[in-house]
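Undergrad: Take this structure first; my questions come after.
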């Protein structure tokens with residue numbers, strides 16, 4: 001069977017190139033922006049999501065994980081007394097200044113955990129033993145941060161807040177959303193390295209006893225422990241992500257650019273398909289004259305849209321791959337699971353089909369007299 | 001085609017077509033009655049704006065009359081709905097246009113094959129039939145050429161082959177020689193006449209060209225929407 005759609009598309013190569021450029025541009029924008037959005041989303045709550053605690057206790061009024069504020073560690077004893085609590089651990093977060101090998105300074109987030117229990121410790125270790133952070137000012141940093149922190153080897157030394165520290169391990173996948181690299185060490189070391197007063201903690205992590213309801217324990221903690229906020233891990237994770245994605249407008253900005261890609265792609269594809277339809281109006285009219293139904297003509301236009309979407313998506317994925325490689329070299333993460341890629345294709349297809357609506361309207365309204373005009 | 005040899009193929013009974021209404025109404029065709037038999041080559045002449053194309057469109061079921069009735073094979077088609085008319089045209093009518101109206105992206109063979117596809121013939125059968133039709137019309141060596149690589153006469157012959165796709169008993173041609181030189185134009189008209197006389201089709205052609213009048217079995221003229229025999 002002769003595919004009029006395919007023949008029409010490939011006959012005018014310049015027009016096809018323009019349409020594909022538009023779709024490719026849209027696909028790259030959508031893919032990269034959604035990928036960056038997802039990576040940001042995942043990074044925003046990465047430490048919460050990788051900690052085995054069921055409940056997080058924070059200073060009152062805290063907006064998100066990264067802005068943790070200190071409160072008295074005496075609260076820990078109150079927490080441990082609440083029925084249903086299996087264990088409770090202090091967990092530390094504070095900003096500090098890391099001295100790079102070139103002498104410049106980078107802001108880092110120091111994470112302090114208990115090296116005996118390893119609650120809140122890094123979960124993916126490239127090298128080293130996380131229990132070694134129990135030694136004086138011993139730290140782990142993430143392999144993705146070497147561009148910013150300098151390639152300090154295991155056993156190498158540098159400074160945080162003018163205190164000498166020693167690298168004892170390298171982590172993977174612990175990348176901070178706010179671009180201040182995470183440094184893992186013991187609670188005691190982190191407290192010493194920071195400007196936070198002794199006798200304080202930033203978080204208390206709680207594990208609920210088997211059989212106890214997380215929600216019920218959370219409620220009891222809220223009633224018992226004063227001047228703090230109590231969240232389930234899921235709530236705190238969502239609160240942190242929502243803060244960055246919604247409150248700061250970051251997510252809206254990223255998704256707006258993706259939406260702009262859809263709009264630009266739609267306009268370009270609609271314009272090229274519409275121009276093509278207009279130029280072939282007499283031929284469409286001729287088909288109609290010899291007995292083609294409107295649906296037959298719609299199928300030709302829709303087939304063009306589908307071919308455009310497949311080719312444009314393929315090209316868009318190819319270009320996106322290289323864009324993402326460049327972004328990764330610049331230490332920017334992109335997360336693209338298969339369902340999202342499938343979603344990008346569906347969006348591309350809908351964009352191309354939507355672009356055909358004007359053309360469909362045009363052929364529906366073909367005046368039969370048109371085919372008789374020379 | 002010979003099965004319809006004694007039957008009236010097209011019958012118009014007091015057909016009229018008015019565009020617009022009120023003071024701006026244009027009566028393109030008024031009170032036209034005629035009966036056309038198969039195996040005949042008819043020519044319709046008339047000045048520009050006289051109603052030739054409107055009459056052709058009424059006969060080809062591309063327009064509904066404002067008054068009167070159009071019959072194809074004694075079936076009243078002027079009252080049929082939008083859903084049925086494409087099928088009536090597909091089964092009964094082939095069109096040839098002054099401007100050829102070939103798909104520029106399709107070769108001669110594909111232009112004919114696409115019409116055959118539309119009429120239900122698929123795959124290799126459609127391809128073979130298209131090849132056959134083009135060969136019949138003297139284009140066996142130009143099958144794989146795009147319209148832009150064909151002469152005007154060749155393009156019109158492709159259009160003729162396309163009109164024959166699906167074996168319609170009625171061929172309506174709107175000034176098919178209008179863009180051709182006189183020699184090529186006469187060749188096309190002779191092809192059409194042969195289709196009428198040898199294959200029993202009804203050929204109804206609109207033309208301005210008085211040099212080909214001698215080839216017609218019957219000549220109509222139309223002026224201000226009124227038909228004269």
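Derivation of every value follows stated rules applied to the coordinates shown; laboratory data play no part. None of the values given here were measured: they were computed from a predicted structure. Using ideal geometry, Cβ is built from the backbone for each residue, glycine included, and neighbour counts are taken over all protein chains shown.
Undergrad: Can you classify the range B:106-206 as rounded, prolate or oblate using the Cα gyration tensor, where a ≥ b ≥ c are the square roots of its eigenvalues, rounded means a/c under 1.5, and otherwise it's prolate if a/b beats b/c and oblate if not?
TA: oblate
Undergrad: Translational diffusion coefficient, Stokes-Einstein: compute it for chain A using the Kirkwood radius over C-alpha pairs as Rh, at 25 °C and 0.890 mPa s, and state it as an integer in µm² s⁻¹. If you can, show how the numbers build up before the last one.
TA: Values: Rh = 24.3 Å.
Value of D from the Cα-based Kirkwood radius: 101 µm²/s.
Undergrad: Two-decimal Rg/Rh of the range A:61-226 from alpha-carbon positions, Kirkwood Rh?
TA: 1.00
Undergrad: Any idea what Rg and Dmax come out to for the range A:227-266 if you just take the C-alpha atoms, in Å?
TA: Cα radius of gyration and Dmax of the range A:227-266 are 15.2, 53 Å respectively.
Undergrad: Tell me the relative contact order for the range A:61-226 as a rounded percent, counting alpha carbon contacts under 8 Å between residues six or more apart.
TA: Working: 349 pairs, mean separation 56.4, N = 166.
Relative contact order comes out at 34 percent.
Undergrad: May I ask what percent, to the nearest 5, of DSSP beta bridges between residues of the range B:2-228 are antiparallel?
TA: 50 percent
Undergrad: Can I ask one more? Of the candidates B:108, B:128, B:159, which one comes out as most mobile in a Gaussian network treatment of chain B with C-alpha springs shorter than 10 Å?
TA: B:128
Undergrad: How far is the Cα center of the range B:198-229 from the Cα center of the range A:119-155, in Å?
TA: First find each Cα centre; the distance between them is then 95 Å.
Undergrad: In the range B:125-229, what percentage of the DSSP-assigned beta bridges are antiparallel, given to the nearest 5?
TA: So the antiparallel bridges in the range B:125-229 amount to around 40 percent.
Undergrad: Find the percent of Cα-Cα distances in the range A:181-269 that exceed 23 Å, and round it to a whole number.
TA: 56 percent
Undergrad: Mind ordering A:183-195, A:127-139, B:210-222 by average Cβ neighbours within 10 Å, highest first?
TA: A:183-195, A:127-139, B:210-222
Undergrad: Using the per-residue mean of other Cβ atoms lying within 10 Å as a proxy for protection, in what order, highest first, do the peptides B:131-141, A:288-298, B:13-23 fall?
TA: The most tightly packed comes first, giving A:288-298, B:131-141, B:13-23.
Undergrad: Quantify how strongly other chains surround peptide A:273-285 by giving the mean number of their Cβ atoms within 10 Å of each of its Cβ atoms.
TA: Other-chain Cβ atoms within 10 Å of each residue's Cβ, averaged: 2.
Undergrad: Defining a contact as two alpha carbons under 8 Å apart and six or more residues distant in sequence, what relative contact order in percent does chain B show?
TA: 30 percent
Undergrad: Share of antiparallel DSSP beta bridges in the protein assembly as shown, in percent to the nearest 5?
TA: Here the antiparallel bridges make up roughly 65 percent for the protein assembly as shown.
Undergrad: Return the Rg/Rh value of the range B:2-228, two decimal places, where both radii are evaluated on C-alpha atoms and Rh is the Kirkwood radius.
TA: With Rg and the Kirkwood Rh in hand, the quotient comes to 0.97.
Undergrad: Something else: Which whole number gives the average count of other chain Cβ atoms within 10 Å of the Cβ atoms across peptide B:95-104?
TA: So the per-residue partner count for this stretch is 6.
Undergrad: Moving to a separate point now. Within a 10 angstrom radius of each residue's Cβ in B:105-114, how many Cβ atoms of other chains show up on average? Whole number is fine.
TA: Averaged over the peptide's residues, the number is 4.
Undergrad: While we're here: What order, most packed first, do the peptides A:95-106, B:87-98, A:270-281 have when packing is the mean number of other Cβ atoms within 10 Å of each residue?
TA: B:87-98, A:270-281, A:95-106
Undergrad: I'd like the distance between the alpha-carbon centres of the range B:26-96 and the range A:19-64, rounded to an integer number of Å.
TA: Cα centres, the range B:26-96 to the range A:19-64: 66 Å.
Undergrad: Can you give the percent of C-alpha pairs in the range A:14-155 whose distance is more than 21 Å?
TA: 60 percent
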